[in-house]
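Just below is one structure, and these are the notes that go with it.
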Amino acid sequence: MKIKVNRNVEQKINRGIQLLDSADFSGFSVTEDRLVDLVSEAGKYLGAAYLSPQNKGIGWLYSRSKDEVTESFFVNLFRKARQKRHYFYQSDLTTAFRLFNQDGDDFGGLTVDLYDEYAVFSWYNTFIYSRKDMIITAFQEVFPEVKGAYEKIRFKGLDYESAFLYGQEAPENFTVLENGVAYQVFMNDGLMTGIFLDQHEVRGSLVDGLAAGKSLLNMFSYTAAFSIAAAIGGAIETTSVDLAKRSCELSKAHFKVNGIELDHHHFVVMDVFEYFKYAKRKGSSYDVIVLDPPSFARNKKQTFSVAKDYHKLISQSLEILNPNGVIIASTNAANVTVEKFRQQIEKGFGSQKHGYLAAYRLPADFTINKNDESSNYLKVFTIRVEK
């Protein structure tokens with residue numbers, strides 16, 4: 001099927017942007033998955049795409065030539081992706097990293113992560129899911145050493161979100177390494193695995209001693225991956241705060257597998273904003289505070305959006321931060337640009353003097369589409385507060 005697109009969409013495609021959204025197809029509604037050829041108003045061939053709504057956009061351009069979506073097409077994509085990760089295969093200190101990253105590897109809607117000898121496929125729309133047998137066969141040809149695989153369903157419509165795919169099943173108590181630190185992960189328990197792999201480098205800075213001899217507060221801690229990294233790097237005390245009750249159990253597992261006693265490492269099940277108030281009442285203060293919230297969250301009392309509310313986290317952190325303390329400010333919100341994130345941070349600091357020590361974007365295994373800023377979604381700043 002051919003679809004004629006306007007001049008703006010033609011320019012977008014020519015700039016190298018692969019993600020397509022509904023505004024690109026005025027007068028055309030996507031009611032079912034389909035492969036399409038996109039042509040300019042003048043009839044010039046622009047590329048091959050598939051249309052399939054997902055949490056962002058309604059489809060992806062996948063080829064500027066007339067490539068067909070075949071097994072050999074995916075074999076070629078996986079070979080290129082593997083070559084890009086050559087560095088990670090050489091490391092004995094890190095055994096978990098991303099193998100394939102959507103449009104960064106020239107095919108949106110699919111990610112594949114490696115956890116030691118096991119792979120996790122994430123399907124982001126029904127089109128990519130419908131081609132999964134073909135994709136898995138191609139993957140096994142390029143990555144024959146992978147012992148087994150799992151899948152995560154990141155679109156609505158199915159009655160499950162995680163399942164075993166093929167090969168051997170991973171051990172129940174399964175650990176991977178990152179920067180020499182062991183993390184206990186779970187392959188088939190909901191959408192999460194126990195660690196967000198895109199934070200390799202930020203956790204690496206903690207392993208390397210950013211919090212050595214200091215106390216660290218980890219907000220929105222999930223499984224406290226930042227906390228164990230800090231503990232291995234010499235932090236004398238950590239406090240991990242998350243609203244999810246299960247986070248406490250999962251967090252302790254990371255410490256246990258690394259042989260770290262819990263005497264000076266604390267886990268608090270509480271709303272983050274309530275904890276700020278609690279810490280002030282108790283007179284608690286910290287040398288390093290990690291702020292890595294979800295892009296959007298809602299509880300009974302309030303909603304939180306990185307785009308509008310991140311400054312509140314900064315300003316409340318300042319009230320319990322020790323003199324010359326450090327804030328690690330992080331977001332994975334693709335809809336928030338670096339500039340907008342900096343504006344939120346600066347709004348939170350107000351007149352408080354501070355200096356930026358380091359900035360992080362996605363690590364090298366999370367290859368990005370350099371022509372589309374939204375594909376480089378991670379933004380992290382390490383900031384020293386002068387007071």
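We did not get these values from a lab; they are worked out from the coordinates using the rules stated. Everything numeric here is computed off the predicted structure, so don't read it as measured data. All Cβ positions, even for glycine, are placed from backbone atoms using ideal geometry, and neighbour counts span all protein chains on display.
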Averaging 1/r across every pair of distinct alpha carbons in segment 250-372 and inverting yields a Kirkwood hydrodynamic radius, in angstrom, of 16.6 Å
Restricted to segment 256-387, the DSSP antiparallel beta bridge percent, nearest 5, is 75 percent
With -39,500 (n - 2.57) per DSSP H segment of 4 or more residues and division by the full residue count of the chain, the 222 nm estimate, nearest 500 deg cm²/dmol, is -8000 deg cm²/dmol
Rounded to one decimal in nm, the spacing of the 7 Å Cα→Cβ label points at T137 and K80 is 2.2 nm
Taking a ≥ b ≥ c as the square roots of the eigenvalues of the Cα gyration tensor, with a/c under 1.5 meaning rounded and otherwise prolate when a/b exceeds b/c and oblate if not, segment 312-370 is prolate
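Which value, in nm² and rounded to one decimal, describes the direction-averaged projected area of the C-alpha convex hull of segment 161-222?
Here the figure is 5.6 nm², rounded to one decimal.
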Each label sits 7 Å from Cα toward the beta-carbon; between D67 and S26 the label points are separated, in nm, by 3.1 nm
In whole angstrom, the spacing between the Cα centers of segment 366-387 and segment 24-99 equals 23 Å
Compactness check, the chain: C-alpha Rg relative to the 2.2 N^0.38 Å globular estimate gives 1.05
Rg (one decimal) and Dmax (whole number) from the Cα set of segment 340-387, in Å, equal 13.4, 40
In nanometres, the difference between 0.36 nm per residue of separation and the alpha-carbon distance of S285 and Y87 is 67.3 nm
Once both label points are put 7 Å beyond Cα along the C-beta direction, the A358-K312 separation in nm becomes 3.0 nm
Mean Cβ-within-10 Å packing, highest first, puts peptides 180-193, 21-34 in the order 180-193, 21-34
With the label point 7 Å along the Cα-to-beta-carbon line of L158 and a cut-off under 16 Å to each amide N, the hits in segment 102-142 are 109-113, 119-137
Going residue by residue through segment 338-354, the Karplus relation 6.51 cos²θ - 1.76 cosθ + 1.60 with θ = phi - 60° gives ³J(HN,Hα) values, rounded to whole Hz and with x marking Gly or Pro, of 4, 5, 5, 5, 4, 4, 5, 4, 5, 4, x, 6, x, 8, 5, 5, 7
On the formula 1/(1 + (r/R0)^6), with r taken between the Cβ atoms of R384 and L177 and R0 of 25 Å, the FRET efficiency rounded to 0.05 is 0.25
Between R298 and L191, the FRET efficiency computed from the C-beta separation at R0 = 25 Å comes out, to the nearest 0.05, as 0.90
Per the 1/(1 + (r/R0)^6) rule, R0 = 22 Å and r from the Cβ atoms of Y166 and V257, FRET efficiency to 0.05 is 0.25
